[in-house]
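Below: the structure, in structure tokens.
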Amino acid sequence: MSIESILKDANSFTRRKFSFSSGGLKSPNKIRINQNNLSDRKKELYSPLAIILKNNLLGDLRLNTMSDSPEQTYQKILSSPFPVGNCHEYSLVVFFYLQQNRSQDILNELKSSCTIEIISTFPPYDHNFVLIVPIQENVTRNIGDIFIRDQLPFNSWICDPWANIVCKAHYYSLDWRMKMEKWSDGGKYIDGLIDNSGFGRFPVDPRDDQMYYLAEKSITKIKNLVRLEYNTEPQKNIGSILTSLDKDDIWP
């Protein structure tokens with residue numbers, strides 16, 4: 001099974017968890033400017049009242065997990081009767097799903113050690129996605145490492161479940177741009193992803209240049225990381241868990 005297939009599986013698992021059809025409430029920061037072509041059910045779920053409810057539920061989740069480990073937060077998301085989340089929560093579900101369910105498959109496919117990481121952007125942007133990086137024995141990657149978005153390792157893979165993107169890292173900017181154009185054409189706006197106005201967060205057209213800059217040139221850091229060690233004897237492959245929680249940074 002290819003890395004792409006593994007990540008698509010993790011992406012599908014995550015998106016199903018938050019989907020309307022599964023009882024989830026999806027992402028409160030996605031809003032519909034044009035609702036003419038939506039079903040009555042979707043119009044209700046994207047109504048101003050529904051957006052307020054989603055944001056309140058998400059605020060409660062983040063408040064109630066402030067002192068939790070990332071894994072504890074993950075478990076609370078899975079057990080919620082009405083899962084709701086933005087890119088932070090979506091990425092956390094992918095991160096632990098891969099770690100707990102697909103580590104062996106990843107190692108078998110890469111035939112090398114690797115890291116699974118949650119990558120977070122710095123302000124004024126606010127976005128997370130998951131990165132898989134094949135690594136050699138003498139290579140280290142650490143929580144808190146900072147780099148420009150276009151400096152991601154060439155052979156790495158991205159899973160961005162919030163944007164529904166799975167691709168090699170060097171295709172991410174193009175795939176992101178295409179997705180933003182699709183959303184804009186469909187009347188889907190992003191609420192509060194960018195705040196450079198000095199007057200608070202506001203809905204952003206996905207075609208805004210700053211949305212493209214986010215994927216192409218934003219400054220990012222490794223927020224969470226687990227290293228999977230490869231052994232030529234598959235039964236000896238184990239994950240060395242290096243996940244940690246930055247208490248001041250986990251919910252920027």
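Some observations on this one:
- Of residues in the range 33-49 being charged (D, E, K, R) and touching a residue at least 12 places away in the same chain (Cβ under 8 Å), the one farthest from Gly186 (Cα to Cα): Arg41
- Of all residues in the range 117-137, those satisfying the criterion of being within 21 Å of Gln104 (Cα to Cα) and either touching a Gly at 6+ places or on another chain (Cβ under 6 Å) or not in a strand (DSSP E or B) (or both) are Gln136, Glu137.
- Test: Leu107 is closer than 15 Å to Ile3 by Cα and either surrounded by fewer than 18 Cβ atoms within 10 Å (Cβ to Cβ) or out of contact with any helix residue (DSSP H, G or I) (no Cβ under 7 Å at 6 or more places or on another chain) (or both): yes
- Set side by side, the residues Lys26, Lys30, Lys8 differ, and just one is among the basic types (Lys, Arg), on the phi > 0 side of the Ramachandran plot, surrounded by 12 or more Cβ atoms within 10 Å (Cβ to Cβ) and in contact (Cβ under 8 Å) with a residue 40 or more places away in the chain, which is Lys26.
- Any pair with Cβ under 8 angstrom, 6 or more apart, that starts in the range 65-87 at a residue that is free of Cβ contacts under 8 Å to residues at least 40 places away in the same chain and ends at one that is among the hydrophobic types (A, V, I, L, M, F, W, C) and exposed (fewer than 14 other Cβ atoms within 10 Å of the Cβ): none
- For the range 33-55, the candidate set comprises residues that are in a loop (DSSP other than H, G, I, E, B) and small (Gly, Ala, Ser); within that set, the residue that is surrounded by the fewest Cβ atoms within 10 Å (Cβ to Cβ) is Ser39.
- Of all the residues in the range 56-70, those that are assigned to a helix (DSSP H, G or I) and either crowded, with 16+ Cβ neighbours inside 10 Å or among the basic types (Lys, Arg) (or both) number 5.
Just so you know, all these numbers are worked out from the coordinates, no wet-lab data involved. Predicted model only: the values in this text are computed from it and were never measured. All Cβ positions, glycine included, derive from the backbone under ideal geometry; neighbour counts span all protein chains shown.
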